[in-house]
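Enquirer: This is the structure I have questions about; it appears just below.
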Amino acid sequence: MNRAKNQLKDAGIQARKDEKARLARIVEYRLKDELIPVEDMAPIREPDKYPTIIERARCEEDFYPDLQLVVRQLEASLSNPAPDRLEAPNTFIDIDGDRDVVINTTKRKH
């Protein structure tokens, strides 16, 4: 979720830069008394301020049901550990096909 939020924030920053450049180009076209190209007529949407349904969903836990299931299972196994095994192994799950998420369930000694 944090990765999706950061990507959305970065896309919003880039969109604001692109919109500022688009507006500057429009001013130049008007000063030169030229027609504005079609690609510069539409404003650029800021994804972080006006997210689509999918962009908004990616920032919420419900978008990752596999991850939620694994977390619930790990929480349940850690709250009722087996007497012979007090530590659960690390769990690897594939969220979106390009990266693995590691959930470390071993306790650290301080």
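Enquirer: Exactly one of these conditions fails for V38: (1) in contact (Cβ under 8 Å) with a residue 40 or more places away in the chain; (2) more than 30 Å from L67 (Cβ to Cβ). Give me its number.
Expert: Unmet for V38, out of (1) in contact (Cβ under 8 Å) with a residue 40 or more places away in the chain; (2) more than 30 Å from L67 (Cβ to Cβ): (1).
Enquirer: Any residue at all in segment 79-97 that is exposed (fewer than 13 other Cβ atoms within 10 Å of the Cβ), closer than 30 Å to D18 by Cα, of a type in the set (D, E, K, R) and at pLDDT below 75?
Expert: Taking every residue of segment 79-97 in turn, at least one turns out to be exposed (fewer than 13 other Cβ atoms within 10 Å of the Cβ), closer than 30 Å to D18 by Cα, of a type in the set (D, E, K, R) and at pLDDT below 75.
Enquirer: Taking the condition of being more than 15 Å from the chain's Cα centre (by Cα), exposed (fewer than 14 other Cβ atoms within 10 Å of the Cβ) and touching a residue at least 12 places away in the same chain (Cβ under 8 Å), how many residues in segment 53-70 meet it?
Expert: Here the count works out to 1.
Enquirer: Tell me which residues, restricted to segment 1-59, are of a type in the set (K, R) and in contact with a Cys (Cβ under 7 Å, 6 or more places away or on another chain).
Expert: Listed by number, the list holds a single entry, K5.
Enquirer: Right, something else. Quick one: which of E19, E46, E34, E55 is at pLDDT 85 or above, farther than 29 Å from M1 by Cβ and not small (G, A, S)?
Expert: E34
Enquirer: Six or more apart or on different chains, Cβ under 8 Å: which pairs go from a residue in segment 7-23 that's closer than 19 Å to M41 by Cα and of a type outside the set (S, T, N, Q) to one that's modelled with pLDDT of 95 or more and in a helix (DSSP H, G or I)? Could you list them?
Expert: Nothing qualifies.
The values are calculated or read from the model by the stated rules, or taken from the named source; none is laboratory data. For clarity, every value in this text was computed on a predicted model and none was experimentally measured. Here the Cβ is made from the backbone with ideal geometry for all residues, glycine too, and neighbour counts use every protein chain on show.
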